[in-house]
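The values are calculated or read from the model by the stated rules, or taken from the named source; none is laboratory data. What you are looking at is a predicted structure, and each value in this text was computed from that prediction instead of being measured. Cβ: placed from backbone, ideal geometry, glycine included. Neighbour counts: every protein chain shown. Accessible surface is based on the protein model in full, side chains and every heavy atom, while ligands, DNA and RNA are left aside. Shrake-Rupley method; radii C 1.70, N 1.55, O 1.52, S 1.80 Å.
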Protein chains: 2
Amino acid sequence: MTSAAAVRREPLPLTAVTIDDEFWAPRRELIRTRTLRHQEGQLRRPGQQFDALSLSWRPGDPDEPHIFWESDVAKWIEAASYCLATTDDPELDRAVDEAIELLAGAQQDDGYLNVYFTVVKPGERFTDLRDAHELYCAGHLIEAGVAHFEATGKTRLLDVVRRYADLIDTVFGADGPRAGGYCGHQEIELALVKLYRVTGERRYLDLGRRFIDWRGEQPYSFEAELRRRGTPGYFGTRLPRKPDDLRRFREYNQSHQPAADQAEAVGHSVRAMYMYSAMTDLAGEYGDDRLLQAVRRLWADVTDKKLYITGGLGSDPRIEGFGPAYDLPDAHGYAETCAAIGLVQWARRMSDLTGHGHYVDVLERALYNGVLSGASADGTRYFYGNPLASHGTVTRQEWFDCACCPPNLARLLSELGRYVYAQGPGEAVVNLYVAGTARFTFAGGEVTLRQDTAYPREGRLAITVTHAGDGVDFALAVRIPGWSRRPTVTVNGEPVDRPGLRDGYCTLSRRWRTGDVVEIDLGMEIRRTWAHPAVAATAGKVALERGPIVFCLEGVDHDCAVHSLVLARDVPVHAVPDERTGVVTLSADATTDATVDAGTDGSLYGDRPPARRGVTMTAVPYFSWANRGLSDMTVWIRE
Amino acid sequence: MTSAAAVRREPLPLTAVTIDDEFWAPRRELIRTRTLRHQEGQLRRPGQQFDALSLSWRPGDPDEPHIFWESDVAKWIEAASYCLATTDDPELDRAVDEAIELLAGAQQDDGYLNVYFTVVKPGERFTDLRDAHELYCAGHLIEAGVAHFEATGKTRLLDVVRRYADLIDTVFGADGPRAGGYCGHQEIELALVKLYRVTGERRYLDLGRRFIDWRGEQPYSFEAELRRRGTPGYFGTRLPRKPDDLRRFREYNQSHQPAADQAEAVGHSVRAMYMYSAMTDLAGEYGDDRLLQAVRRLWADVTDKKLYITGGLGSDPRIEGFGPAYDLPDAHGYAETCAAIGLVQWARRMSDLTGHGHYVDVLERALYNGVLSGASADGTRYFYGNPLASHGTVTRQEWFDCACCPPNLARLLSELGRYVYAQGPGEAVVNLYVAGTARFTFAGGEVTLRQDTAYPREGRLAITVTHAGDGVDFALAVRIPGWSRRPTVTVNGEPVDRPGLRDGYCTLSRRWRTGDVVEIDLGMEIRRTWAHPAVAATAGKVALERGPIVFCLEGVDHDCAVHSLVLARDVPVHAVPDERTGVVTLSADATTDATVDAGTDGSLYGDRPPARRGVTMTAVPYFSWANRGLSDMTVWIRE
């Protein structure tokens, strides 16, 4: 097994990547020109996030500042910063600077920066770590500060969050008043790794490490906290009395056992993804094999037993989190947008750390399905949960009281360049198929690659060396997805026999010169996919996939409920490209048993067996569902 | 349409009914000899319910008294009282008297009786009506007081609860300090009707009526309460900001609109059942047609669109309540035992008020399935939720922090006699098929009927007039269930041609003499049942029923997951009586697609289609599931 530091890749900086892809470029433009503006409008509403930063709220006033609000502002700044890294947008730049000044103005003399515990519950700082999301908000502020500095070179927000991080380091230092404590919603841990990387200050890394290491230590921090305080947590949390309830109480935020000992993904999925991401970072930074083995175990548990086919995570809406193994309900699951985003973030770290492409297969599954479904086609409405079936009652919302998902989606797509490529020692890595360019720097010189593709509409891609000076020696590693059955590879038109697939990559090592072209055809067949027989929700059902796209049936395309549709196993399914939009839909002959007079006379239960009639079935990309009015939907189709 | 007071039946008093039925008598004996003892043991644990009534808890002590605890004690007393009404049990009698003395000792000088607001939050009486269950507990105390008086003639508890009810009447009087307020968990409304009926004090009835009438009045009581208090409710409840969230906040406890205007069952199912029961009582007491029309509408909405085939209610675990119409997930539903019990209570009231037997069809569905499944075969473990499928992770628990279900089940089965018969003007009604006797009193004299049956093992019953003096004129109305396809009826061996089925009853009017025998054969065929095609969870699936019993498949009877089993529509299903236990199971040839090498190599998703093999399928009564160790289960079987 690879040891922790054996392979190490890093994303390319955003400024080294351009994206002019037919699939992604319009979506990214939409994020910048509409989504971020729309979200800014939400944050600027009277009495909401921006207003709250003036610290003018007083007890009895309406619109009590919410415990999450800094994180909303921070993720919006982070997303906007990624846009500013590659696009000139003075208006957005000004709006971001204004938000940063509001944050700076809300910072207290000692560096503390949290509205709720400044105006609503002054004097109660760091006393409700389990529920109140205080360090979670700090983590997002830190990520925003790092992103804004890297994107713009401005240090204003970075300085603010460093002062706050310094205060936190004092409070949660080994001898600090809150030593042994950690946040009920992991986030600051991975943020501190970023802060360390951009500042070089090792104590930020060590603080992140402490937050991870203290987790699961006994006596359990949150239980001691509740006893110490003697009052319920922000969400009315009381210490459970029954052992089973206490176990769930601990598992909810993954503090049930030391992080390095964990083997099963439990509890709240977003918390888990952020923690596993931090653990992966720390495994690399410290060369810690125990942490590496832990995240490998957790990865296997998540992807072999708890992953929706869309890349969604979290089957239990009550905890917004993981259910038991193989428990993957469709309409009544959860699959929060933020959890799929967290999986994308974690998968990139796993891939960078280990050099394995199968992590990117999962990343891609989540990105093109469970993440993208989180926003409407016009970029201004959002899903919090992304169920795999709907009975026609679900639609995207303009905003949420807990508005974590919308800006999270914006920041991921704005940061997409970091996911397309990676660079290792003497190695240029193509992880995703996205048209555009990437600039790599090797000991032997700079190289620019241009990627051309109509993916995921088609499976062909061409990677052209557009600038390599007099030629540069490096290995070009192009990911070959696990679903690609017979990929073909040519270099300058010459077929590569047995393309040397290793760890999920076709790796071509040579002296690359300007004009060299690698052409790859992954194929783009329609695939029938079945789930493991232990999954009850999918028994007797099949899913349709094509490339990275998972399809679904929507009621708006049918004159019967989609759960009544039956697709015989031997019936061919055809791809139908839409000439105008470029979107590929699927079509097949099917049957329905939703006859009007089935059941009985409209009563709920009866003894009249349902009968079947023929119908044409249309499947559309899952990410595109719920853009044509209220409609029922299903990913899994009865066979 | 029948007006509110047109038909009116009443249950027979418990003392007029004996039960020596092969199905029910052992279960009722188990309740008295084991379940109630076991529950008493739970209540007597140190620091728990009984201890708390000493009012010795002080801030900082462990085992903070729980807001529900009086209701646990009260329901246990109520259940025990019903046992004492028909069975001599001095030990139980003493234990009940002791519990009553504890309650009496905890009562304050002004009549107030609630431990939490006496020792934990003194000075905060009636300030958190939404969350703190204060009037809910009062309601259960009142029910217990009425039950204990009716069963034993002792007035000790009745006096206690009357004093408390008098205080509540003052506080919530039209001019009282909390006028316009009502409880976040309905219960006291139906209890006040009972208190009125036993005391004749009309102001109790009027108070119950006010609690119902105020519900849904604007400004909304719970929103005003939260604003007034300025702190979150017991469960951390805050006023939602978004309109959708505010709607759900109101619907959760059915205070979103005036009760008489309600047409859709929404929110928490137990709260709904208790409220609809009270509305039905009030419709009868006041002859209120608007309330009658409301409960008729709500009944139709519940039973046509939101009822599990087991009689369970509540498809959304997040609110322990109703989902949208036809949204009836199996493994991820809820179907709280208390909700099925509440449905039984409501159905009896609807039937008594309207004289229709189809309400009792639903009552019977709930009783034999979703209620009975709530307790283990040995009577000492309980389900809170009763899902229609399980992936093998669900088992009954010994007790709950919120222990509403166990004593609720005990009190329903102890009170069974009240559900078997009803008496109308000149009319003896047989609602359920339970061997035993019943004594009716008519103007023309007393009549005793004896019912003999092996139901639900067999479909035959004989009703013999065992005491009718010189003969008494009355109508004998025997319910004929909707599922009975070709019922036959004889009187003294003579077939009754076209048995005059009206409103779900075979009504035989004559002068009945001692020795007269009515014999009825309902049939007991195995039935395949399909759900309405709008129900997604049951699409392509069938359920098996026989008489009132809904069957399920359990993993323990199969060598494959039950969700992998497929029953062809034309394959016969056989009844297999167990000679020893009398339990009838079902058997059929089926197939399974849970082949070990299905899917792929153990990965979650793959392209290898599942294959099928033959297997013998065994179905057992749903109520009996989860008595043979952890096992997966499903009611709905793939076709």
What whole-number distance in Å separates the alpha-carbon centres of the stretch A:278-323 and the stretch B:239-283?
40
Rounded to 0.05, the calculated FRET efficiency for the beta carbons of residue B:56 and residue A:289 at R₀ = 51 Å is 0.40
Pairwise FRET efficiency - residue B:101 versus residue B:628, Cβ, R0 = 45 Å, nearest 0.05
0.60
Globularity ratio of the stretch B:1-110, using Cα Rg and 2.2 N^0.38 Å:
1.39
Can you list the distances in nanometres, one decimal and ascending, from the residue A:15 label point to the identical position in each other copy, with the point 7 Å along Cα to Cβ?
9.4
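Largest first, how would A:148, B:38 line up by accessible area (1.4 Å probe)?
Greatest to least solvent exposure: B:38, A:148.
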Please identify the trypsin sites (Lys or Arg not before Pro) of the stretch B:260-332 that satisfy two criteria: DSSP loop assignment and at most 14 other Cβ atoms within 10 Å. Which are they?
B:318
Antiparallel bridges, percent of DSSP beta bridges restricted to chain B (to nearest 5):
95
Per its Cα gyration tensor (rounded if a/c is under 1.5, else prolate when a/b beats b/c, else oblate), the stretch A:526-638 is best filed as prolate
Of all the accessible heavy-atom surface of chain B, with the other protein chains kept in place and a 1.4 Å probe, what percent is carbon and sulfur?
49
Expected 222 nm ellipticity per residue - DSSP helices of 4 or more, -39500 (n - 2.57), all of chain B, to 500
-10000 deg cm²/dmol
If labels are modelled 7 Å from Cα along the Cβ direction, residue A:213 lies from its partners in the other copies at nm distances, smallest first, of 6.9
Under the classification rounded if a/c is under 1.5, otherwise prolate if a/b is larger than b/c and oblate if not, where does chain A fall, given a ≥ b ≥ c as square roots of the Cα gyration tensor eigenvalues?
oblate
Residue of chain A whose Cβ sits closest to the axis mapping A onto B, with distance in whole Å
A:236, 1
DSSP beta bridge pairing in the protein assembly as shown, given as percent antiparallel to the nearest 5
95
Exceeding 24 Å between C-alpha atoms, which entries from my cross-link table qualify? They are A:242/A:305; A:305/B:242; B:306/B:541; A:121/A:194; A:121/A:242; A:242/B:75.
A:242/A:305; A:305/B:242; A:121/A:194; A:121/A:242
Using Cα centres only, tell me the gap between the stretch B:397-455 and the stretch B:15-32 in whole Å.
10
Scan around residue A:619 for amide H atoms under 5 Å from its own, H built in the peptide plane at 1.01 Å from N, and keep only partners 5 or more places away or cross-chain.
A:586, A:587
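First check a/c for the stretch A:289-390, with a ≥ b ≥ c the square roots of the eigenvalues of its C-alpha gyration tensor; if it is under 1.5, answer rounded, and if not, answer prolate when a/b is larger than b/c or oblate otherwise.
Here the stretch A:289-390 falls in the oblate category.
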Distance (nanometres) between label positions extended 7 Å along Cα→Cβ at residue A:510 and residue B:88:
10.3
Round to the nearest 10 and report in Å² the accessible area of residue A:140, as given by a 1.4 Å probe over the protein chains' heavy atoms.
0
Residue-normalised value, i.e. accessible area per residue, for the stretch A:22-63 at 1.4 Å probe, in Å², stands at 49
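What's the total accessible area buried between chains B and A, using a 1.4 Å probe, rounded to the nearest 100 Å²? Spell out each step's value before the answer.
On the way: alone 24580 and 24570 Å², together 44080 Å².
Summing both chains' loss of accessible area gives about 5100 Å².
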Using a label point 7 angstrom from Cα along Cα-to-C-beta, what distances in nm, from shortest up, separate residue A:578 from the other copies?
5.7
Which residues, if any, in the stretch B:521-546 lose at least 20 square angstrom of accessible heavy-atom surface (probe 1.4 Å) when the other protein chains sit next to their chain rather than the chain being alone?
B:529, B:530, B:531, B:532, B:533, B:536, B:539, B:540
Hey, can you find the accessible area per residue of the stretch B:459-510 for me, probe 1.4 Å, expressed in square angstrom?
51
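Rounded to the nearest 0.05, what FRET efficiency do residue B:224 and residue A:241 give with R0 = 45 Å and r taken as the Cβ-Cβ distance? Could you check?
Working: r = 33 Å, r/R0 = 0.72.
Step by step, r from the Cβ atoms, then E = 0.85.
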